[in-house]
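First up is the structure itself, then whatever we jot down about it.
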Amino acid sequence: MKFEIKSYRNATVLFAIETSSLLLCLEAAVGQGADLRGADFRDADLQDADLQGAHLQGADLQGAHLQGADLQGAHL
């Protein structure tokens, strides 16, 4: 299944990949150094996500479930 991470401002696709979940899509994007500024993660289940060093400035994380997520070095 193809998952996309979009901008909450204008729905521009910031990253896309064939994978089995949004969490794996996000981790792949972070691993590849994708610029996820302004990404729409409202109400997303990101529990235990590895977000070390992620570029998430201006991302909409309202209602996102981040319990156990590793945000070390993330740009928020």
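The values are calculated or read from the model by the stated rules, or taken from the named source; none is laboratory data. Predicted model, so just to flag it, every value in this text is computed and none were measured. Just so you know, the surface numbers come from the protein's heavy atoms only, side chains and all, with ligands and any DNA or RNA stripped out. Shrake-Rupley method; radii C 1.70, N 1.55, O 1.52, S 1.80 Å.
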* To do: Give me the accessible area of residue 48, 1.4 Å probe, in Å² rounded to the nearest 10.
  => 100 Å²
* Asked: What is the extension gain from residue 1 to residue 24, computed as 0.36 nm multiplied by their sequence separation minus the C-alpha to C-alpha distance, in nm to one decimal?
  -> 7.1 nm
* **Most to least accessible of 20, 7 (protein chains only, probe 1.4 Å)** => 20, 7
* Antiparallel DSSP beta bridges within the chain, percent to nearest 5 -> 55 percent
* the chain, Cα convex hull volume normalised per residue, Å³ -> 73 Å³
* Would you work out the relative contact order for the range 3-55, in percent, from Cα pairs under 8 angstrom that are 6 or more residues apart? => 36 percent
